[in-house]
Amino acid sequence: MKQLFALLTVLALCSIPAAAQKKPVPKTKAKTSASGAVSGAVLAKGKAVYVQNCLTCHQADGLGVDEMNPPLSKTSYVLGDKARLVNIILNGMQGQDIDGEPYRNLMPSFSTLTDQQIADVLTYVRSSFGNKTSAVQAAEVKTIRAANKK
Amino acid sequence: MNRSVTRYLLLAPALVGSLSLLALRSETIVAADPDNAGLKLPAGFGALKVAETGGRARHLTVTPQGNIYVKLNRPNADGKGILMLRPSSGGKAEVAGSLGNYGGTGIYSTKDYLYASSDEAVFRYKLNAQGEVESPAQPEKIVTGLINRKQHESKSITLDREGNLYVNIGAYSNTCQEQDRQKGSKGKPHCPILDSAGGIWQFRTDKLNQSYGQGVRYATGLRNVVGLDWNTQANQLFVMQHGRDQLYDNFPALYNSKQSAELPAECLYALKKGDNAGWPYLYYDPQQKKKMLNPEYGGDGKKEATGNYIDPAAAYPAHTAPNALLFYTGTMFPEKYRNGAFIAFHGSWNRAPEPQKGYYVVFQPFKNGKPSGPWEVFADNFAGSAAAAAAGRPEHKPCGLAQGPDGSLYVSDDRKGTIYRIVYNKK
């Protein structure tokens, strides 16, 4: 996983920032179906959380808003380390460049979502907008949340 | 200016071949593009693409000699944040130089000076008789140390005719919540942001290194103003505010997503020194035509705000992001446009999941220095198609406005960096 993340980061850094979001990540060993296909029911639940909480900023197509809100399509954060990804949802995020591009808005904390809701929405994100990588389980969110609190 | 020699040719596609040669012959002939640069305009108007800058072209200004200065949001590959374009043929222009090692939004020129802002400071450069900057590496830093916390960072600028500079300092927040943009989070009492942001500050144009201590908080309670201009008829500053976001996201029990897409209006304010427009305590509801208490401060969509806050001078569709305001004083356009306001709407994102809106330039008629009558869309289709606009995936986003010496209206686009010029076919 670490290697995959490093590879993705390198890829993201090498590509021209503006094109980064459109550039397809080569189908390397992305853990596509390591955990099996994601069920339609989980995707529907994840989508509902997305529409309620994330859509305004990241948009229905997950491509974000120029200069303001980053895309959720093939970014190193979405495809990368799950703990880092879950922590963004728990803590929010501001002032970080995303794959070389700055964004001016901020992301609030969504720590009030349940472990299951966070797992579902991230599973939905990681299987949508051109992403195709492993699901996030509620148990994983629980562990990451506990570590995040320390 | 050889105004009498200047001719505006609005070419019907069939005539292009025969007339384009003619257009090349003289510098003063302004030839509209056969497709009017892809824009939809009222009858008699035409448009051309003056230049493709490839940068995020925020605001722009045109000197009496017709030189165009464009402020880029970020420095280009040469590390420069201001482009200088010289007129070439057919009404177009070519990049002839660049200066300033900072990104930003604001740019403004008088006959003698070019003013430009980064997201923290304002600089000025002496212009020579040819409208050129002679010492690009030695600007005077007239304002410094303005707050920039990324959100609402643009330090848009304008001047009055008495040596004062007006600078927007946007609030680095949506509604001054304890936790910015977080669901249900309450507004901070006596919003502390207003001490150093969320308003318009006034400085002198000719003093160096001014900051908060030397400036005047001219007007407060303005969330973020990107478009502002001085109205010489009313001798008054007018500004366009970007209204608050996310009523539904943060207060789903009080607003549905349809209401959230239509609330609040984007507002035009006529300001006097000391005015307070009420952010973050209120928003303007264009249907009820009332100032409503924000839910962060106990509002529920029905309670009106109380307090000494000014009313808007005019209201426009929610979240459409007015990024430039220009009072038209030229004589090229028909009489009805004289002293009226053009407003560039950058386009929305906060209307989702409802269709997005904006990506056009609006005309607001004025009479005796006050808005008079309904506004209309003047230049449309920067997005490229209605579908692209609705999806919030426009090709171009109008961001800056400037008037040329002949009365042409220039529009900058901060998505692709296209510079447009709109002309009228006067006989």
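The values are calculated or read from the model by the stated rules, or taken from the named source; none is laboratory data. These figures come from a predicted structure and were not determined experimentally. For neighbour counting, all protein chains shown are included, and Cβ atoms are generated from backbone atoms with ideal geometry for every residue, glycine included. These accessible areas exclude ligands, DNA and RNA; they are computed on the full protein's heavy atoms, side chains included. Shrake-Rupley method; radii C 1.70, N 1.55, O 1.52, S 1.80 Å.
Find how many whole Å separate the alpha carbon centroid of segment B:271-332 from the alpha carbon centroid of segment B:403-427. Result: 29 Å between the Cα centres. A compact globular protein would have a Cα radius of gyration near 2.2 N^0.38 Å; the ratio found for segment B:169-267 is 1.29. Could you give log10 I(q)/I(0) at q = 0.09 Å⁻¹ for segment B:79-188, computed by the Debye formula over C-alpha point scatterers of equal weight, without solvent? So the normalised log intensities work out to -0.33. The orientation-averaged projection of the convex hull spanning the C-alpha atoms of segment B:320-421 amounts to 6.5 square nanometres. Ranked from largest, the principal axis spans of the Cα set of segment B:42-143 equal 43, 28, 25 Å.
Backbone N atoms of segment B:385-426 closer than 16 Å to the 7 Å Cα→Cβ label point of B:Glu52 belong to residues B:395-397, B:413-421.
The Cβ shell under 11 Å around B:Arg74 holds other residues with a net charge of 0, Lys and Arg each +1, Asp and Glu each -1. Mean projected area of the convex hull spanned by the Cα atoms of the protein assembly as shown, taken over all viewing directions: 27.7 nm². Chains A and B: buried accessible surface, both sides, probe 1.4 Å, rounded to 100 Å²? Using a 1.4 Å probe, the pair buries roughly 2300 Å². Any idea what angle helix B:16-25 forms with the longest principal axis of chain B, computed on alpha-carbon atoms, 0 to 90 degrees, nearest 10? It is inclined by approximately 80 degrees.
Within segment A:36-91, the ratio Rg/Rh, alpha carbon atoms throughout and Rh by Kirkwood, equals 0.97.
Within chain B, B:Cys267, B:Cys399 have no other Cys Cβ under 4.7 Å of their Cβ and so lack a disulfide-compatible partner by this rule. Packing order of peptides A:95-101, B:238-244, B:120-126, highest average first: B:238-244, B:120-126, A:95-101 (average count of other Cβ atoms within 10 Å over each peptide's residues). Using a cut-off of 27 Å between Cα atoms, the listed pairs A:Lys47/B:Lys291; A:Lys45/A:Lys132; B:Lys258/B:Lys416; A:Lys45/B:Lys150; B:Lys40/B:Lys302; B:Lys188/B:Lys291 include A:Lys47/B:Lys291; B:Lys258/B:Lys416; A:Lys45/B:Lys150; B:Lys40/B:Lys302 as exceeding that distance. Short-range pairs are left out: with C-alpha atoms under 8 Å and at least six residues apart, the relative contact order of chain B is 15 percent. Taking label points 7 Å from Cα along the Cα-to-Cβ direction, B:Lys207 and B:Tyr309 give a separation of 3.1 nm. Beta-bridge orientation, the protein assembly as shown: approximately 95 percent antiparallel, per DSSP, counting only bridges with both partners inside. A Förster radius of 60 Å, combined with the Cβ-Cβ distance separating B:Ala43 from A:Arg145, puts the computed FRET efficiency at roughly 0.45.
Using alpha carbons only, the radius of gyration of segment B:369-427 set against its Kirkwood radius gives Rg/Rh = 1.04. The residues of the protein assembly as shown expose, per residue, 41 Å² of accessible area to a 1.4 Å probe.
Remark on segment A:83-130: accessible area falls by at least 10 square angstrom from chain-alone to full-complex state for A:Gln94, A:Gly95, A:Glu101, A:Pro102, A:Tyr103, A:Arg104, A:Asn105, A:Leu106, A:Pro108, A:Ser109, probe 1.4 angstrom.
Rg and Dmax over the alpha-carbon atoms of segment A:39-149 stand at 12.8, 35 Å.
With each label modelled as a point 7 angstrom along the Cα→C-beta vector, the B:Gln65-B:Asn368 pair spans 4.2 nm.
Spin-label model, A:Ala37/B:Lys272: points 7 Å from Cα along the beta carbon direction are separated by 7.0 nm. Dimensions of chain B along the principal axes, based on C-alpha atoms and rounded to the nearest Å, stand at 66, 48, 43, largest first.
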